[in-house]
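Have a look at the structure below, then the notes.
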Amino acid sequence: MAASFAIFQGWDRPIEGRESQAAQLYKDVEAYWSRQKSAGNIESWEMVLLAPHGGALNGFFLIRGDRDKLQQLQTTNDFIDLTTRQASIARGFSSLTAFLGDSALQQSQRFHKHAAAA
């Protein structure tokens, strides 16, 4: 069964002067998500790098999994420490809940319901 929830972690580019730290950080992030998958805490993860385009989003991680497990994971010290490192090294870093599949459809229905009421 495909995951209906995800964590989206996006970024622009490394803060000037922190490029070498960023290279090591993303190796650490990849290792972290691989460990979480092996432990059964997430279903899958992938890193996406965008082609140069002049925008403020240049890459992201998409971490798929069970809603409750993802929420629990986001409260751990390891996750908080890692995202704090990401925010201190990558310009425009954000970590957000994402809706996929059926949950995206439900979220879209909520939007249309509230938009019609406005």
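The values are calculated or read from the model by the stated rules, or taken from the named source; none is laboratory data. Because the structure is predicted, anything quoted here is derived from the model rather than measured. Cβ coordinates were reconstructed from backbone atoms using ideal geometry, including for glycine residues, and neighbour counts include every protein chain displayed.
Please work out which residue is farthest from R35 (Cα to Cα), limiting yourself to region 63-118 and to residues that are of a type in the set (F, W, Y) and modelled with pLDDT under 95.
For region 63-118, the residue satisfying everything is F111.
Is one or more of the residues making up region 6-29 of a type in the set (A, V, I, L, M) and in contact with a Gly (Cβ under 9 Å, 6 or more places away or on another chain)?
yes
So which of Q71, Q86 is farther than 26 Å from G17 by Cα and in contact with a strand residue (DSSP E or B) (Cβ under 9 Å, 6 or more places away or on another chain)?
Going through Q71, Q86 in turn, the sole match is Q71.
Quickly run through region 40-69 and pick out the residues that are surrounded by 10 or more Cβ atoms within 10 Å (Cβ to Cβ) and farther than 22 Å from R91 by Cα.
Once the filter is applied, which keeps residues that are surrounded by 10 or more Cβ atoms within 10 Å (Cβ to Cβ) and farther than 22 Å from R91 by Cα, region 40-69 yields G40, N41, I42, E43, S44, R64, G65, D66, R67, K69.
Among the residues of region 1-13, what is the count of those that are buried (at least 18 other Cβ atoms within 10 Å of the Cβ) and at pLDDT 95 or above?
Result for region 1-13: 6.
So, in region 101-116, exactly how many residues are of a type in the set (A, V, I, L, M) and surrounded by 10 or more Cβ atoms within 10 Å (Cβ to Cβ)?
Adding up the residues that qualify gives 2.
In region 86-118, which residues are basic (K, R) and out of contact with any Asp or Glu (no Cβ under 8 Å at 6 or more places or on another chain)?
R110, K113
Which one is farthest from T97 (Cα to Cα), of the residues in region 12-62 that are touching a helix residue (DSSP H, G or I) at 6+ places or on another chain (Cβ under 8 Å) and of a type in the set (S, T, Y)?
Y32
Determine the pairs where a residue that is over 15 Å from Q72 (Cα atoms), located within region 32-44, has a partner that is polar (S, T, N, Q) with Cβ atoms under 7 Å apart, the partner being 6 or more residues away or on another chain.
Note: no pairs meet the criteria.
Among the candidates K113, K69, single out the residue that is over 20 Å from F5 (Cα atoms) and free of Cβ contacts under 8 Å to residues at least 60 places away in the same chain.
The conditions single out K113.
Among the residues of region 83-100 satisfying the criterion of being among the small types (G, A, S) and either touching a Phe, Trp or Tyr at 6+ places or on another chain (Cβ under 7 Å) or over 17 Å from K27 (Cα atoms) (or both), which is surrounded by the fewest Cβ atoms within 10 Å (Cβ to Cβ)?
G92
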